[in-house]
Amino acid sequence: MGLGRVGLCLSSCFASKGHEVIGADSDANKVEMVNQRKSPIFEPGLQDLLARVVRRGSLRCVTQTEKAVIGSDITFVSVGTPSLRSGGIDLKFVRAAAKDIGRALREKSGYHLVVITSTVTPGTTESIVQPIVEEHSGKRLGEHLGFCMNPEFLREGNAIHDVFHPHLVVIGECDRRSGDQLERFYQTFFDEKIPLMRVNPKTAELIKYANNAFLATKISFVNTIANICGKLPDVDVVTVAKAIGSDPRIGPHFLKAGVGFGGSCLPKDLRALINFARKHCYGAALLKAVSEVNEDQWRRVYELARSKLGGLKGKRIAVLGLAFKPGTDDVRESPSIRLVRELVKARADVVAYDPAAMCNARRIVPRIRYEDSPRKCLEKADCAIVATEWEEFMGLTPEDFSSRMRYPLVIDGRRVYDSREYSKVLDFVAVGLCSDESNCKLDVLR
Ligand code: UGA
């Protein structure tokens, strides 16, 4: 249930391994698209896989949940859990799904397992989903009904790979039988031996949040070090990150400094965990700091541009990259979009390019100019900002910038370029490298 990125990828992957999958979503367009063998989202490998399994008849989609539930043994719930103003999560889609499942199960005989893969705060599966399904189905956990919480760790852009090769499968079981059933399902699904942990549902729910919060912490940590490097001539955060990342206790991943983390998961999950802690009378100071550092990070790049150019009004700024990370067309909570919006507010003349995300970006920032190549985007610009580390941008040379721009100021917000090489040819500043402008206004304020 729920044909978002997670639901679509799980459905297609499960179907590719011989399971008969019925995808359910209330969005009739989406359902129609999938049945027509078209992926509604851009995710590497998904289009081919989806087309194959739909053609074969292993995956079909419906708008009526009931049909999907009655015709299956396991229901995976992967509906969205969007942020509320409070930072908490909105469970309306989860509640609606639970109600629909319950109603459908009234008509079904035999055992049915409900698996929550949506990211939900600790207690949701047992205290909200289970009672709703039980009430509407008239059945109880045990003989006819099972519940598991099964968090996913899929990365956008690598989701298909991550479904087939997860680092871990976490099964949060409401009773032993539920866990056994889901474990059996996964045993037949994977070709390789995948570590599996069976825990209670609340633990599984918290594992998901802790996982994303830790990743966010690593990024804000390295960005903090980057901002310190910004004050120190001849010290580069890339070198520092490489060194600390080689300590096996720290590890090399998620230590890339830049404009900060975005996307539909890390920022939202961090807010939800802070909110959850607050509800339990705990301040979670570390998590708040992680969020604060991230809020500042794109602003620093904005301030660099502003102070370097002596104001932004009327200045042409080329923004390379709009997606929250490479390999996706997703612009949700993208630091690049926030930067663009602020530049527009300051009446800069913003020109942008992204290899995949321009269509989505246009919907939320329609009033800027979009170009269909990075080189065109640079024409007559007073400043170029790299905000997403697409491989395409790594192929640009310093001359590509200097020969096209009105004033060759390059701000590397993702550390994609060799600073020594670029500094020789143009005015080059970067996150985590010292420049006169690194003594940013933000630091004076705090
Ligand atoms: C994240 C987690 O990595 C997945 O494990 C999880 O399943 C998923 O959220 C989810 O909850 O569904 P995703 O949102 O696809 O996956 O993106 P990440 O690859 O984690 O990147 C998040 C942000 O951090 C991006 O904006 C990226 O540019 C930034 N980032 C990442 C850095 O700034 N530096 C790094 O070193 C790594």
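The values are calculated or read from the model by the stated rules, or taken from the named source; none is laboratory data. The shown structure was predicted, so the numbers you read here are calculated from the model rather than taken from an experiment. No Cβ is skipped: glycine too gets one built from the backbone with ideal geometry, and neighbour counts run over all protein chains shown. Please note that ligands, DNA and RNA were not included when accessible areas were found on the heavy atoms of the full protein model with its side chains. Shrake-Rupley method; radii C 1.70, N 1.55, O 1.52, S 1.80 Å.
Selection over the stretch 139-184 of residues that are assigned to a loop (DSSP other than H, G, I, E, B), farther than 21 Å from Thr203 by Cβ and within 11 Å of the ligand (Cβ to nearest atom) gives a count of 4. Taking helices (runs of 4 or more DSSP H) as the structural unit, those lying wholly within the stretch 335-425 and holding at least 1 residues that are in contact with a Phe, Trp or Tyr (Cβ under 7 Å, 6 or more places away or on another chain) and crowded, with 17+ Cβ neighbours inside 10 Å correspond to 335-345, 358-364, 374-378, 398-402, 419-425.
Just the residues that are of a type outside the set (Lys, Arg) and either open to solvent by 10 Å² or more (accessible area, probe 1.4 Å) or more than 24 Å from Val416 (Cα to Cα) (or both), please, taken from the stretch 263-273. Walk me through how you get there before you give the answer.
If we filter the stretch 263-273 for residues that are of a type outside the set (Lys, Arg), which is where we start, we get 263-267, 269-270, 272-273.
Those that are of a type outside the set (Lys, Arg) and either open to solvent by 10 Å² or more (accessible area, probe 1.4 Å) or more than 24 Å from Val416 (Cα to Cα) (or both): Ser264, Cys265, Leu266, Pro267, Asp269, Leu270, Ala272, Leu273.
Among residues of the stretch 39-83 being of a type in the set (Asp, Glu) and touching an Asp or Glu at 6+ places or on another chain (Cβ under 9 Å), the one that is farthest from Pro267 (Cα to Cα) is Glu66. Within the stretch 429-446, restricting attention to residues that are over 13 Å from Ala305 (Cβ atoms) and outside any helix (DSSP H, G or I), the residue that is modelled with the lowest pLDDT is Arg446.
Confirm whether Ile194 is under 30 Å from Gly142 (Cβ atoms), within 16 Å of the ligand (Cβ to nearest atom) and part of a loop (DSSP other than H, G, I, E, B).
Details: under 30 Å from Gly142 (Cβ atoms): yes; within 16 Å of the ligand (Cβ to nearest atom): yes; part of a loop (DSSP other than H, G, I, E, B): yes.
When the stated conditions are applied, Ile194 passes them.
Restrict the check to the stretch 114-131 and report whether at least one residue is outside any loop (DSSP other than H, G, I, E, B), surrounded by 21 or more Cβ atoms within 10 Å (Cβ to Cβ), more than 16 Å from the ligand (Cβ to nearest atom) and of a type in the set (Gly, Ala, Ser). No, the stretch 114-131 has no match at all.
Residues that are in contact (Cβ under 8 Å) with a residue 40 or more places away in the chain and over 23 Å from Ala15 (Cβ atoms) within the stretch 157-176 comprise Gly172, Cys174, listed in sequence order.
A quick yes/no check of all residues on (1) more than 22 Å from Ala159 (Cα to Cα); (2) at pLDDT 95 or above; (3) surrounded by fewer than 17 Cβ atoms within 10 Å (Cβ to Cβ); (4) over 23 Å from the mean Cα position of the chain (by Cα):
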position	(1), (2), (3), (4)
Leu46	no, yes, no, no
Arg52	no, yes, yes, yes
Cys61	no, yes, no, yes
Gln64	yes, no, yes, yes
Leu84	yes, yes, yes, no
Gly88	yes, yes, no, no
Leu91	yes, yes, no, no
Ala96	yes, yes, yes, yes
Asp100	yes, yes, no, yes
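Looking at this structure, is Ala213 under 19 Å from Ser83 (Cβ atoms), touching an Asp or Glu at 6+ places or on another chain (Cβ under 8 Å) and within 15 Å of the ligand (Cβ to nearest atom)? So Ala213 passes the test. Scanning the stretch 237-259 for residues being in contact with a Lys or Arg (Cβ under 9 Å, 6 or more places away or on another chain) and either open to solvent by less than 10 Å² (accessible area, probe 1.4 Å) or outside any helix (DSSP H, G or I) (or both) gives a total of 11.
Just checking, how many residues over the stretch 240-289 are aromatic (Phe, Trp, Tyr) and free of Cβ contacts under 8 Å to residues at least 12 places away in the same chain? Reasoning before the result, please.
If we filter the stretch 240-289 for residues that are aromatic (Phe, Trp, Tyr), which is where we start, we get 254, 261, 276, 282.
From the residues that got through so far, the ones that are free of Cβ contacts under 8 Å to residues at least 12 places away in the same chain too are 282.
Number of matching residues: 1.
Taken over the stretch 197-218, residues that are part of a helix (DSSP H, G or I) and either closer than 30 Å to Val259 by Cα or more than 25 Å from the chain's Cα centre (by Cα) (or both) amount to 14. For the stretch 219-226, state whether one or more residues are assigned to a loop (DSSP other than H, G, I, E, B), in contact with a helix residue (DSSP H, G or I) (Cβ under 9 Å, 6 or more places away or on another chain), of a type in the set (Phe, Trp, Tyr) and open to solvent by 50 Å² or more (accessible area, probe 1.4 Å). No, because not a single residue in the stretch 219-226 is assigned to a loop (DSSP other than H, G, I, E, B), in contact with a helix residue (DSSP H, G or I) (Cβ under 9 Å, 6 or more places away or on another chain), of a type in the set (Phe, Trp, Tyr) and open to solvent by 50 Å² or more (accessible area, probe 1.4 Å). Checking the stated criteria, Phe393 turns out not to satisfy the condition of being under 23 Å from Tyr302 (Cβ atoms), of a type in the set (Phe, Trp, Tyr) and away from the ligand (no atom under 15 Å from the Cβ).
Scanning the stretch 1-50 for residues that are over 22 Å from Val94 (Cβ atoms), in a loop (DSSP other than H, G, I, E, B) and of a type outside the set (Ser, Thr, Tyr) turns up Lys17, Gly18, His19, Glu20, Gln36, Arg37, Lys38, Phe42, Glu43, Pro44, Gly45.
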